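J.: Please find one structure pasted underneath; my questions will follow.
Just so it is clear, none of the values below were taken in a lab; they were calculated from the coordinates. Remember, predicted model here, so these are calculated numbers, not experimental data. Every residue, glycine among them, receives a Cβ derived from its backbone with ideal geometry; neighbour counts consider all protein chains shown.
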Amino acid sequence: MNQHTNPDREARNILIANDRGGYTIPTEGLYPYQWNWDSAIAALGFAEFDIDRAWTEIETLFSGQWDDGMVPHILFHQQDDGYFPGPDVWGGHGPIPSSGIIQPPVAATVARKIWEKDGGAGEDRIRTLFPALLAWHRWIMKWRLDDHGAVCTTHPWEAGRDNAPDWDKAMEGVDPTGVGEYQRRDTSHVNSADRPTKYDYDRYIKLVQIGCEVDWDQQKLLSLNLFRVADPTMTFITLRAARDLMVISDKLGIAADGVSDDIQKLEEGARSLWNEALNSFDSRDALTGEWAGSVSNASYLCWYAGLESQSMLERLQGTLANVPFPVPSYDPAMPNFDQRRYWRGPTWGFMNMLIGFGLVDMGHLPEAEVLRQKTSQLIATNGFAEYYDPLIGSPAGGNSFTWTAAVWLHWAGRK
Ligand code: DGY
């Protein structure tokens with residue numbers, strides 16, 4: 001049954017309703033601020049009907065860039081008591097009060113895509129943005145690489161896949177003693193079975209408190225060795241961003257010193273995430289060298305990063321054929337699979353879109369089209385949810401969700 005008779009209109013209305021003037025919140029209530037990668041994805045949606053607004057989204061995101069190049073994962077433009085942890089817990093640094101960690105850098109890739117749509121008119125916008133995009137890339141290269149050249153996540157929220165099984169072993173090493181009393185807000189907005197557990201939350205907050213104590217000094221955080229996992233989300237997305245920065249710099253005729261060397265380093269890092277025993281790209285604890293043993297939806301971002309893998313392609317073909325609503329964030333055959341709990345099983349439309357971009361770029365058109373159609377059906381039938389149960393397709397988490405609306409407009413809903 002198709003309950004959503006005019007998804008194009010609905011998707012545009014969601015973006016417009018979530019627009020707070022220059023930036024878009026992911027969804028009312030649960031996420032009342034500007035989130036980094038949500039915002040970049042939102043820009044792709046706006047680009048389908050208001051290209052000027054698309055550029056503004058990215059520009060507002062970079063207006064929160066710290067002096068050292070870091071682009072925070074949340075910008076707290078206006079205080080909202082419905083969210084925890086807010087600016088007071090993070091320390092409120094930056095030109096706009098913000099969090100102290102990043103999120104996967106999809107912005108450079110999105111900026112390139114918007115520019116390609118906007119032709120000549122976008123040139124001024126991207127020319128102005130370029131140094132900021134480059135500075136963020138350099139910050140990541142300086143502070144987040146492991147010894148192999150893979151990019152590390154220093155907080156589960158940094159990779160954006162908050163409670164993925166990828167972090168389970170590394171999280172055991174985070175001691176939450178002294179975290180104190182705090183009141184979660186997320187579970188007052190949505191079903192607690194869809195959200196991370198208290199065990200995880202205590203550790204998320206503890207890591208924030210420690211970061212705040214050292215004023216987000218990256219050198220100090222590195223030596224504290226709290227949590228550092230080299231992961232496919234950060235690594236593949238950073239590699240892709242570096243490739244896009246090179247293309248933008250060539251087209252603009254502006255130098256991007258060092259980026260082609262960075263690409264080589266990141267390619268090595270990305271290849272180093274191949275876990276032979278698992279036959280998949282995996283996450284690796286940068287402190288212990290231990291594999292996480294996780295086949296996640298991020299494992300399928302290899303093509304997005306411009307890397308070929310026949311084994312991943314065969315695995316994807318199996319997933320498209322056997323999982324009713326692919327691509328699950330965690331392999332249903334694995335013991336910790338949980339079909340509703342956030343990043344431990346559910347399907348995320350925007351991750352499907354990124355996987356789809358990679359499949360097209362690398363010439364895997366049949367798989368890309370099956371994935372697009374299945375995502376399109378999932379959204380048209382179940383609405384613009386934050387994410388979906390991969391076995392029965394039911395919506396989960398927040399609703400009227402910005403990035404799912406953007407995914408519809410830019411990719412899933414396009415014939
Ligand atoms: C949350 O609060 O759930 C976010 O994912 C943190 O970025």
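J.: Of 72, 97, 241, whose Cα points farthest to the positive end of the dipole of the chain (charges on the beta-carbon: +1 Lys, Arg; -1 Asp, Glu; origin at the Cα centre)?
T.: Of the candidates, 241 comes out farthest on the positive side.
J.: Please compute the length gained on full extension between residue 121 and residue 222, using 0.36 nm multiplied by the number of residues separating them and subtracting their Cα-Cα distance.
T.: Working: separation 101, 0.36 × 101 = 36.36 nm, distance 4.23 nm.
My answer for the length gained is 32.1 nm.
J.: Compute the distribution of all C-alpha to C-alpha distances in region 352-401, in bins of 5 Å from 0, and list the percent of pairs in each, rounded to whole numbers.
T.: Bins of 5 Å from zero give 5, 22, 25, 20, 16, 10, 3 percent of pairs.
J.: Here's something else I'd like to know. Could you tally the net charge around residue 207, taking each other residue with its Cβ under 13 Å from the Cβ of residue 207, Lys/Arg +1 and Asp/Glu -1? All intermediate terms of the calculation are to be shown ahead of the outcome.
T.: Working: positive: 203, 206, 228; negative: 158, 162, 175, 200, 202, 213.
Neighbourhood net charge equals -3.
J.: Separate question: Can you give the FRET efficiency to the nearest 0.05 for residue 310 and residue 193, using r as the Cβ-Cβ distance and R₀ = 45 Å? Numbers along the way, then the final one.
T.: Numbers: r = 37 Å, r/R0 = 0.83.
The calculated FRET efficiency here is 0.75.
J.: In Å, what is the Rg of the alpha-carbon atoms in region 241-310, and how long is Dmax?
T.: 14.6, 44
J.: State the volume of the convex hull built on the alpha-carbon positions of region 124-194, expressed per residue in Å³ and rounded to an integer. Could the numbers behind the result be given before it?
T.: On the way: hull volume 13.3 nm³, N = 71.
So the per-residue hull volume is 187 Å³.
J.: I would also like to ask the following. If you take the beta carbon distance between residue 84 and residue 50 as r and set R0 to 30 Å, what does 1/(1 + (r/R0)^6) give as a FRET efficiency, to the nearest 0.05? Show your work: numbers first, answer last.
T.: On the way: r = 32 Å, r/R0 = 1.08.
Result of the calculation: an efficiency of 0.40.
J.: A further question follows. Relative to the present Cα-Cα distance, how much length would full extension add between residue 369 and residue 414 at 0.36 nm per residue of separation? Kindly include the intermediate steps, with their values, before the conclusion.
T.: On the way: separation 45, 0.36 × 45 = 16.20 nm, distance 1.09 nm.
Value of the extension gain: 15.1 nm.
J.: Right, here's the next one. Beyond 12 Å, what share of the Cα-Cα pairs of region 203-245 is found? Please give it as a whole percent. Walk me through the numbers before you get to the answer.
T.: Details: 609 of 903 pairs.
Distances greater than 12 Å cover 67 percent of the Cα pairs.
J.: So what's the convex hull volume per residue for the Cα atoms of region 70-144, in Å³? Let's see the in-between values first.
T.: On the way: hull volume 8.9 nm³, N = 75.
Normalising the Cα hull of region 70-144 by residue number yields 118 Å³.
J.: Using a Debye calculation, one point per C-alpha and no hydration shell, please list log10 I(q)/I(0) for region 160-228 at q = 0.15, 0.17, 0.21 Å⁻¹ in order.
T.: -0.55, -0.69, -1.00
J.: Continuing with this model, one more query. So, counting K/R as plus one and D/E as minus one, what does the shell of residues with Cβ under 11 Å around residue 173 add up to?
T.: Numbers: positive: 169, 203, 228; negative: 168, 172, 175, 285, 290.
So the environment of residue 173 carries a net charge of -2.
J.: Would you list 316, 224 from fewest to most Cβ contacts within 10 Å?
T.: Working: 316 23, 224 14.
Listing 316, 224 from fewest to most nearby Cβ atoms yields 224, 316.
J.: Using the structure shown, list the pairs from 113/198; 113/265; 142/251 with a Cα-Cα distance above 32 Å, or answer none.
T.: Numbers: 113/198 39 Å; 113/265 24 Å; 142/251 26 Å.
In this structure, 113/198 lie more than 32 Å apart at Cα.
J.: Also, quick follow-up: In the P(r) worked out for region 12-168, what percent of Cα pairs fall beyond 27 Å?
T.: Working: 2751 of 12246 pairs.
Above the 27 Å cut-off, region 12-168 has 22 percent of its Cα pairs.
J.: Now for a separate question. Calculate, in nm to one decimal, what residue 279 and residue 175 gain on full extension: separation in residues at 0.36 nm each, minus their alpha carbon distance. Mind dumping the intermediate values first?
T.: Working: separation 104, 0.36 × 104 = 37.44 nm, distance 3.19 nm.
So the chain would gain 34.3 nm between residue 279 and residue 175.
J.: Rg to Rh for region 153-312: what is it, with Cα atoms only and Rh by Kirkwood? Could the numbers behind the result be given before it?
T.: Details: Rg = 17.8 Å, Rh = 17.5 Å.
Result for region 153-312 is an Rg/Rh of 1.02.
J.: For residue 333 and residue 290, what does the FRET efficiency come to when R0 = 22 Å and r is the distance between their Cβ atoms, rounded to the nearest 0.05? Please list the in-between numbers first.
T.: On the way: r = 21 Å, r/R0 = 0.96.
FRET efficiency, residue 333 to residue 290: 0.55.
J.: Between residue 182 and residue 254, what is the spin-label point distance in nm, taking each point 7 Å from the Cα along the Cα→C-beta axis?
T.: Placing both labels 7 Å beyond Cα along the Cβ direction yields 3.7 nm.
J.: Here's something else I'd like to know. Sort 401, 325, 337 by Cβ crowding within 10 Å, fewest neighbours at the top. If you can, show how the numbers build up before the last one.
T.: Details: 401 26, 325 22, 337 17.
By the 10 Å Cβ count, ascending: 337, 325, 401.
J.: Now a separate question. Can you give the Kirkwood hydrodynamic radius for the chain, in Å, rounded to one decimal and based on Cα pairs?
T.: Mean inverse Cα-Cα distance, inverted, gives 21.1 Å.
J.: OK, next. Evaluate the distance, in nm, between pseudo-label points positioned 7 Å from the Cα of residue 268 and of residue 213 along their respective Cα→Cβ axes.
T.: Label-label distance for residue 268 and residue 213, simple model: 3.5 nm.
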